[in-house]
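Every number here is computed from the coordinates shown, using simple stated rules; none is lab data. What you see is a predicted model, and the numbers here were worked out from it, not measured in a lab. Cβ: placed from backbone, ideal geometry, glycine included. Neighbour counts: every protein chain shown.
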Amino acid sequence: MRENSPLVFKYADIVAEGGLSLELEPDPAGYADLYDLPVAVNKVRLELALTVGPDSVFLAGKVRAELRLECSRCAEPLVRSFEDSFDEVYPDTVEYIDTRELIRETAGLLAPMKVLCSENCRGRCLVCGANRNRLVCACKTEKASPFEALKGLKLPEGGKPRKKKKDI
């Protein structure tokens, strides 16, 4: 256990101080492995409050992160900020309070599955790949009808399909 990490606290020190509140801005490179590309972490800000109870320490925290993302429709880069909070109770039987994994889990869940540069994003042309938010291309995209396969269907006289006879 690394005692010198700013995210690991000695239980006895927290109790002796009557609690602890702090704000940190750790190096975003320490969180870069949480996301697959094209998501990247620009900034991380942590707020931690450790409150002493009769036989435990309560941790309330908040993670704020500024993320570089890519629009799901047009693939343009964008930067958005996200935040989430967490809490945990540590019994008096622990020697150290290690918040690193809890913070990493919370930070790892910040990025949305689908992000748009705007609600009105028109995406990219399926034919030429042009960003349709910037250009109006001359490509023609034919929308295939789901009933196209039925055009060649031949029905017997009367317009109804024949029923199959069941074997007895």
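Restricting to Cα pairs below 8 Å that are 6+ residues apart, what does the relative contact order work out to for the chain? Please round to a whole percent.
The value is 18 percent.
With only Lys, Arg, Asp and Glu charged, each at its Cβ (+1 for the first two, -1 for the last two), find how big the charge dipole of the range 8-108 is about the Cα centre; round to the nearest 20 debye.
Once rounded to the nearest 20, the dipole reads 440 debye.
Treating each Cα of the range 1-95 as an identical point scatterer and ignoring solvent, apply the Debye formula and state log10 I(q)/I(0) at q = 0.11, 0.12 Å⁻¹.
-0.44, -0.50
For the chain, what is the mean residue ellipticity at 222 nm derived from helices alone (per DSSP H run of n ≥ 4: -39500 (n - 2.57); sum divided by total residues; nearest 500 deg cm²/dmol)?
Roughly -2500 deg cm²/dmol at 222 nm, from the helical runs in the chain.
Counting pairs on different chains as well as pairs 8 or more places apart, how many Lys pairs in the chain have Cα atoms under 28 Å apart?
Total qualifying Lys-Lys pairs in the chain comes to 18.
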